[in-house]
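The values are calculated or read from the model by the stated rules, or taken from the named source; none is laboratory data. Because the structure is a prediction, the values reported are computed rather than measured. Positions of Cβ are backbone-derived with ideal geometry, glycine not excepted, and every protein chain shown enters the neighbour counts.
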Amino acid sequence: MSKSVFLSHTHADKPFVRRLAADLEAHGVRYWLDEAEIKVGESLIEKIRQGLDEVDFVAAILSPNSTTSSWVQRELDVAMNQEIAGRKVKVLPVLYQSCELPGFLLGKFYADFTDDRNYPSALKKLIESMGLVFNKSVLDVTRTGANLGEAVDRATLFNLPMMSRPFHRPFQYLGMNINEALEIVGGALNSAGNIIVENDECRMFLEREGSFVSFIEVDFKRTAPFNQDQKFDPEPMLGALSINPSELDLVRSKTHCHTYYDHKKKMKINVMCVYDGGPISVAFSTKYYGM
């Protein structure tokens, strides 16, 4: 059974939290992160409380910034009350930077990430505390592109925000039953039985093969009109979808199309302009991996 975790943190610690979230996901852990879950206009308090109600663990990212944050304190208060009441949620202290631990976390086992050289061993402790097996190969990556934080920052050049669900890391729907995917992402089925869902920022197309999603394409509306002879940086589009370019292998690069492989997920990713006057799109497929 998959595990889920709420990442309680302050904005100043976001780069570390994004890195940790990617490594947790690589171990099959579903994570709740505010920038992915909360949409414009939604109640912060309501969404956070809902997120806390739906997870198995709450990871308290501890630093001088977070221990003085009223938001983090409020999240941990809710989580600790649930733990005390016997609910399944468990609080996991994650020490990111040296600081004075909150009184209610004293005596708890914690993962120490304060020295980046010890990141693998700290991650191993955290993964195993969730009852999962640590996979060292998750960290054996040759990093060549921008990291996730850099890619997100560069997305601002295209006036792109970090996308929330259902556009957050959309490759997760590959291989999913089409009806299950429809229930999660919303939208509507077209005449061919494919799913189309869109908002002011994106249009997402989920193509079915039999009863399952086999191909996904996300169009960034703000990038239109774009032409195939225009050079562009593909990494901001990946960052806007919370995909870390440094974990991908860039295998082909043309003016209108950049092709990556994700060797862990055995997935092909194209960042491209499909036609003149159109938007820049990101497409995902496992069927054409290696081709």
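Sort through LYS264, LYS268 and tell me the only one that's under 24 Å from the mean Cα position of the chain (by Cα) and either not in a loop (DSSP other than H, G, I, E, B) or not assigned by TED's automatic domain parsing to the domain that holds HIS168 (or both).
From the options LYS264, LYS268, the qualifying one is LYS268.
I need the full set of residues from region 181-202 which are assigned to a strand (DSSP E or B), closer than 18 Å to MET163 by Cα and of a type in the set (A, V, I, L, M, F, W, C), in order please.
Answer for region 181-202, where residues must be assigned to a strand (DSSP E or B), closer than 18 Å to MET163 by Cα and of a type in the set (A, V, I, L, M, F, W, C): ILE196, VAL197, CYS202.
Which one of these is within 30 Å of LEU157 (Cα to Cα) and assigned to a loop (DSSP other than H, G, I, E, B): PHE205, PHE215, PHE232?
PHE232
Does region 241-253 contain any residue that is touching a Pro at 6+ places or on another chain (Cβ under 7 Å) and within 23 Å of LEU20 (Cα to Cα)?
Yes, some residue in region 241-253 is touching a Pro at 6+ places or on another chain (Cβ under 7 Å) and within 23 Å of LEU20 (Cα to Cα).
Within region 140-158, is even one residue within 19 Å of TYR31 (Cα to Cα) and at pLDDT 85 or above?
Looking for residues that are within 19 Å of TYR31 (Cα to Cα) and at pLDDT 85 or above, one finds none in region 140-158, hence no.
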